[in-house]
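Notes follow once the structure below has been shown.
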Amino acid sequence: MKIGRPVLLVCLAALSAPSVYAPCEGIAFHSDPAENSNATSSSRTLPDAPDAVLSEDATRRWIHNSLKTTLRLETRPFSSFAVAFTTGLGGLGVDFATPLASKINLRASASFLNYNPTVTASGIPVSAAITLRSVGVGAELFPYRNSFHITPGVTLFNGNHVAALANITGGSTFTIDDTDYVSSPADPVHGTFDLSMGRKVAPSLTVGWGNMLRRDSHWSIPVDVGFQYVGPLKLTLAMTGSVCDSGGNGCGTIANDPDAMQNLADEQTKINNEIAPLRFYPILKVGLSYRFGRNVKREYWH
């Protein structure tokens, strides 16, 4: 049987519109039962099939409009995943994302940084060791039809911490809680500072742009800004060595000087009170991500 091109185009949509079977008698069509059984298109009703004598252009337009009503993109949970390498205030990191629904992604992140600067404070050389470690997870919510997202989450491990060592040269004068001391030339004073960045587990909230699981490309540049609530910071001060009076005489171990130890405790309390409002640790990062696999399932009525 010779089939004209317009009729053949109509027949390609026959499985979508059973009423079109009449002009396609003698032609076998096959579809994927498993795929059709999962299809949940919002509209399966197609317009009446065009008469076979219509022009090819009219027939093509009818098929195009019919297929548009039966095309559906379905996001399947965990159907794909994306990896991003990030940099920001928390250091270098890596993020992972996978879809949970059409507008919700599950995103996990980890970041780290080691930095050892040497600075001078009030003429005293200070060697610092900054260690940033963070692991968190959150649910990316996309309220609009773009890449803007809101991510409530939780920091599962907050290992951010700063330590410092101050070496006070013998004969140098330094101040503890408004009281001057002289570092002993025979046994110079060494001070240690340890700053803990709040709780190990903390809630977080960020907003950002960029979808690691975007549909139209494998590549994405996610940007996120926000904070985590870590609670109050805690600074611990300690000193070893010997101190002398203002004339460099009467030197003794600082640990055996009750006035010096009390001044050190008062200084520690004063600093902790000053940093108490710093309960929110900032989050700012940008990354480059790549998506593996498809995060949507394309469904057609053939």
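The values are calculated or read from the model by the stated rules, or taken from the named source; none is laboratory data. Here the structure is a predicted model, which means the values were calculated and not measured. Ideal geometry is used to build each Cβ from the backbone, glycine not excepted, and the neighbour counts take in all protein chains shown.
Suppose the filter is farther than 20 Å from Ile104 by Cβ and modelled with pLDDT of 95 or more; does Phe157 pass it?
Spelling it out, Phe157 is indeed farther than 20 Å from Ile104 by Cβ and modelled with pLDDT of 95 or more.
Tell me the strands (runs of 3 or more DSSP E) entirely within the stretch 103-214 that contain at least 2 residues that are at negative phi, within 33 Å of the chain's Cα centre (by Cα) and assigned by TED's automatic domain parsing to the domain that holds Leu288.
The strands (runs of 3 or more DSSP E) meeting that bar are 104-115, 118-121, 124-141, 149-158, 161-167, 190-196, 202-209.
For the stretch 105-126, what are the residues that are touching a residue at least 24 places away in the same chain (Cβ under 8 Å) and over 27 Å from Arg199 (Cβ atoms)?
Of everything in the stretch 105-126, those that are touching a residue at least 24 places away in the same chain (Cβ under 8 Å) and over 27 Å from Arg199 (Cβ atoms) turn out to be Ala121, Ser122, Gly123, Ile124, Pro125.
For every residue, the table says whether it meets (1) assigned by TED's automatic domain parsing to the domain that holds His218; (2) under 30 Å from Met197 (Cβ atoms); (3) in contact with a helix residue (DSSP H, G or I) (Cβ under 7 Å, 6 or more places away or on another chain); (4) without any contact (Cβ under 8 Å) to a residue 60 or more places away in the chain.
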{"position": "Lys234", "(1), (2), (3), (4)": "yes, yes, yes, yes"}
{"position": "Ala238", "(1), (2), (3), (4)": "yes, yes, no, yes"}
{"position": "Val243", "(1), (2), (3), (4)": "yes, no, yes, no"}
{"position": "Cys251", "(1), (2), (3), (4)": "yes, no, no, no"}
{"position": "Ala276", "(1), (2), (3), (4)": "yes, yes, no, yes"}
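Tell me the residue from Thr40, Thr86, Thr131, Thr120 that is among the β-branched types (Val, Ile, Thr), modelled with pLDDT of 75 or more and loosely packed, with under 14 Cβ neighbours inside 10 Å, please.
Result of the check over Thr40, Thr86, Thr131, Thr120: Thr120.
For the stretch 236-254, how many residues are among the polar types (S, T, N, Q) and either within 30 Å of Leu284 (Cα to Cα) or crowded, with 16+ Cβ neighbours inside 10 Å (or both)?
The total comes to 2.
Yes or no: Pro282 within 24 Å of Ala164 (Cβ to Cβ) and under 16 Å from the mean Cα position of the chain (by Cα)?
yes
How many residues are out of contact with any Gly (no Cβ under 7 Å at 6 or more places or on another chain) and either surrounded by 13 or more Cβ atoms within 10 Å (Cβ to Cβ) or among the aromatic types (Phe, Trp, Tyr) (or both) if we restrict to the stretch 216-235?
Step one: list which residues in the stretch 216-235 are out of contact with any Gly (no Cβ under 7 Å at 6 or more places or on another chain), which gives 216-219, 226-229, 234-235.
Checking which are either surrounded by 13 or more Cβ atoms within 10 Å (Cβ to Cβ) or among the aromatic types (Phe, Trp, Tyr) (or both) leaves us with 218-219, 226-229, 234-235.
Count: 8.
Would you check if Ala238 is within 31 Å of the chain's Cα centre (by Cα), of a type in the set (A, V, I, L, M, F, W, C) and closer than 19 Å to Thr131 by Cβ?
On the way: within 31 Å of the chain's Cα centre (by Cα): no; of a type in the set (A, V, I, L, M, F, W, C): yes; closer than 19 Å to Thr131 by Cβ: yes.
When the stated conditions are applied, Ala238 does not pass them.
Applying the selection to the stretch 130-146, what residues are in contact with a Gly (Cβ under 6 Å, 6 or more places away or on another chain), of a type outside the set (A, V, I, L, M) and touching a residue at least 40 places away in the same chain (Cβ under 8 Å)?
Ser134, Gly136, Gly138
Just name the residue that is surrounded by the most Cβ atoms within 10 Å (Cβ to Cβ) out of those in the stretch 200-213 that are out of contact with any Pro (no Cβ under 9 Å at 6 or more places or on another chain) and farther than 18 Å from Tyr144 by Cα.
Across the stretch 200-213, the extreme among qualifying residues is Ala202.
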